[in-house]
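The values are calculated or read from the model by the stated rules, or taken from the named source; none is laboratory data. Predicted, not measured: the structure shown is a model, and the values here were computed from it. Cβ placement follows ideal geometry from the backbone for every residue including glycine, while neighbour counts extend to all protein chains displayed.
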Amino acid sequence: MAEELSTKWETPLTSEQNPHIKRGRYSHLTQTDKDVLSRIVEGRACTSGKELADANIDWLRIYRGTSPLLLKPKSTWEVSKILGYCHNRNLAVVPQGGNTSLAGGSVPMFDEVIISLKLMDKIISFNNLSGALVCEAGCTLQSLMDFLDAEGYTMPYRIGPKDTCQIGGNMSTNCGGMHVVRYGSRHAAILGLEVVLADGSILDLVTTMKKDNTGYHLKHLFLGAEGTLGIITKVSLECPVKSPSQHMLFIGVPSFQDVLKIFKKAKYDLGEILSAFEVFDETVMKLINKNLKLPNPLSGESPYYMIIATAGSNRRHDDEKMNAFLSQLEKEGAIQNGFKESRAEAMKMLWSYRENIGVAVKRAGFAYKYDVTVPHDKYVQILTEVKTQFSHLSSCIAGFGHFAEGGLHVNLVTFRTHPSFSKLIESFLFRRVKDVGGSISSEVGIGVQRRDSLHYSKPINAINLMKKMKTLLDRKSILNPYKLLPSNLDGQELLSKL
Ligand SMILES: Cc1cc2nc3c(=O)[nH]c(=O)nc-3n(C[C@H](O)[C@H](O)[C@H](O)COP(=O)(O)OP(=O)(O)OC[C@H]3O[C@@H](n4cnc5c(N)ncnc54)[C@H](O)[C@@H]3O)c2cc1C
């Protein structure tokens with residue numbers, strides 16, 4: 001998704017915003033290093049200009065680094081050579097996919113070398129019988145969706161920035177999206193990976209077999225690792241067939257109790273064909289209307305809006321199910337208004353409401369964004385508590401999410417940033433999320449933003465085990481340092497924070 005650059009504020013350097021994070025004892029890049037690394041990617045290194053500047057800033061324009069070198073390898077061999085050299089020279093690197101991360105993971109903290117996978121965008125093979133797709137890590141999600149569409153297949157997930165984000169980035173963040181309720185997380189669909197480790201060695205775990213019980217399932221380690229354990233260069237994924245029968249409901253709902261009721265009913269009545277269950281509140285609808293210039297498709301306003309999608313194999317059967325579902329909801333008064341849509345172009349248009357919520361929020365001002373998981377019945381309680389606590393600091397607080405998995409996105413928009421603001425919100429929100437048994441990151445990951453909050457969702461011994469695994473795979477910690485793991489806190493310090 002192309003989004004214009006915001007001119008509302010200059011992005012400060014992440015290192016200045018976080019003076020407590022000190023640059024590690026890495027080597028400083030010399031002219032010789034630049035020459036050697038540039039030769040590996042002949043003509044595809046960038047040492048100045050807009051491309052390098054853009055690669056140093058994240059999508060939200062909150063995080064900014066000062067990397068003097070962007071490398072764009074075209075093969076696993078080149079990635080391996082780059083990492084081998086950086087490992088020997090003790091140079092820190094940051095892998096970059098589509099740079100749509102919302103937690104600051106994809107851009108340098110200081111002067112790390114940026115390794116962009118964008119030119120590794122080849123589809124290697126596709127098996128039209130099993131649905132096994134093997135491709136390079138830099139393929140964008142949209143390009144894979146287009147390729148599979150022509151084969152009668154589809155990707156098992158869909159997220160807003162599909163034109164830009166890459167499959168390697170999607171795996172590295174274990175991204176969620178709209179269809180987790182139907183196809184599960186990235187862990188469910190992954191068949192294999194090729195990864196270049198910190199020292200440049202290549203770990204070939206690519207297979208097109210669904211079942212492989214030969215010991216530790218190493219590929220899963222790299223999902224959600226945010227580039228801290230290795231650079232993913234190839235992905236093998238099981239793709240589902242494209243359902244010939246797809247339908248969507250767009251409805252306005254009078255109360256949260258009705259949202260819960262509809263969710264339960266959808267699981268029973270739509271069962272095997274349910275493919276998405278999205279909820280957003282009236283604040284979000286207003287932001288969509290104003291900032292995306294998309295009118296409310298319903299005739300009246302409601303406190304909650306929902307998109308319920310189905311994907312099945314029999315149009316008549318699914319149509320009957322959806323019609324019966326909608327008319328029962330109307331009869332029971334569980335919805336205020338709504339309609340069913342089955343035309344492909346019209347559904348694409350309705351999806352754009354949901355997929356561009358992030359853009360609508362971004363255009364409203366500076367947004368503090370959180371994506372947490374909470375039990376379904378606590379969704380509105382947590383959102384209301386945040387609104388009560390922080391409405392005096394925000395111009396608006398929007399709530400939306402992939403409701404089926406308990407995903408709640410809380411976005412606090414303000415025209416003014418304050419260094420203490422995020423700390424204040426996080427210590428309140430994350431504690432409440434912990435209290436109700438949720439997770440502080442439902443999908444976008446940890447990055448820089450939440451690394452010192454990991455203890456809200458992981459026990460100390462789990463964090464310590466993660467650190468040991470990091471040391472085992474990346475002895476010099478050159479891969480995306482300053483991200484995901486709380487670096488300076490040992491178990492005891494963390495314990496005192498709980
Ligand atoms: C408008 C908007 C909507 C979004 N909606 C969703 C959503 O619904 N669900 C969701 O889960 N996320 C969502 N996101 C977040 C983001 O798009 C996902 O996290 C996505 O998977 C990131 O992919 P990317 O290619 O842009 O990775 P990047 O942002 O480039 O990188 C993300 C992390 O992965 C690492 N990385 C990237 N490529 C590799 C690689 N090949 N090997 C190793 N490490 C790598 C980076 O170092 C970084 O730590 C949204 C973002 C935006 C802007």
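Tabulated data
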read-out: Criterion violated by Glu151 - all others in (1) touching a residue at least 60 places away in the same chain (Cβ under 8 Å); (2) farther than 26 Å from Tyr63 by Cβ; (3) more than 15 Å from the ligand (Cβ to nearest atom) satisfied; value: (1)
read-out: Meets criteria (surrounded by fewer than 23 Cβ atoms within 10 Å (Cβ to Cβ) and in contact with a strand residue (DSSP E or B) (Cβ under 9 Å, 6 or more places away or on another chain)) for Val196; value: no
read-out: Number of the condition not met by Ser427 [criteria: (1) closer than 15 Å to Tyr370 by Cα; (2) modelled with pLDDT under 95; (3) touching a strand residue (DSSP E or B) at 6+ places or on another chain (Cβ under 6 Å)]; value: (3)
read-out: Test: residue in segment 98-111 that is farther than 14 Å from Ile232 by Cβ and more than 12 Å from the ligand (Cβ to nearest atom); value: yes
read-out: Filtered residues of segment 203-231 (kept if surrounded by 12 or more Cβ atoms within 10 Å (Cβ to Cβ), among the hydrophobic types (A, V, I, L, M, F, W, C) and more than 13 Å from the ligand (Cβ to nearest atom)); value: Leu205, Val206, Leu218
read-out: Filter pass, Glu10 being within 15 Å of the ligand (Cβ to nearest atom), under 30 Å from Glu355 (Cβ atoms) and without any contact (Cβ under 8 Å) to a residue 24 or more places away in the chain; value: no
read-out: Residues satisfying the stated conditions in segment 139-174, i.e. hydrophobic (A, V, I, L, M, F, W, C), in a loop (DSSP other than H, G, I, E, B) and modelled with pLDDT of 95 or more; value: Cys139, Met155, Cys165
read-out: So Leu144, is it aliphatic (A, V, I, L, M), surrounded by 24 or more Cβ atoms within 10 Å (Cβ to Cβ) and without any contact (Cβ under 8 Å) to a residue 60 or more places away in the chain; value: yes
read-out: Residues (over 23 Å from Ile115 (Cα atoms) and without any contact (Cβ under 8 Å) to a residue 12 or more places away in the chain) located in segment 186-211; value: Lys211
read-out: Flag if Glu301 is without any contact (Cβ under 8 Å) to a residue 12 or more places away in the chain and either closer than 23 Å to Lys261 by Cα or not aliphatic (A, V, I, L, M) (or both); value: no
read-out: Conditions (1) at pLDDT 95 or above; (2) in a helix (DSSP H, G or I): number failed by Glu301; value: (2)
read-out: Hits in segment 407-421 (condition: surrounded by fewer than 17 Cβ atoms within 10 Å (Cβ to Cβ) and under 11 Å from Lys369 (Cα atoms)); value: none
read-out: Which listed residue is under 20 Å from Asn18 (Cα atoms), away from the ligand (no atom under 16 Å from the Cβ) and either assigned to a helix (DSSP H, G or I) or hydrophobic (A, V, I, L, M, F, W, C) (or both), from Ser391, Ser420; value: Ser420
read-out: Residues located in segment 95-110, provided they are in a strand (DSSP E or B) and either touching a Gly at 6+ places or on another chain (Cβ under 7 Å) or surrounded by fewer than 24 Cβ atoms within 10 Å (Cβ to Cβ) (or both); value: Pro95
read-out: Residue under evaluation Ala309, criteria (1) of a type in the set (Gly, Ala, Ser); (2) within 20 Å of Val181 (Cβ to Cβ); (3) in a loop (DSSP other than H, G, I, E, B), criterion not met; value: (3)
read-out: Filter result for the condition that a residue is surrounded by fewer than 21 Cβ atoms within 10 Å (Cβ to Cβ), out of contact with any helix residue (DSSP H, G or I) (no Cβ under 6 Å at 6 or more places or on another chain) and more than 28 Å from Arg61 (Cβ to Cβ), over Glu341, Glu320; value: Glu320
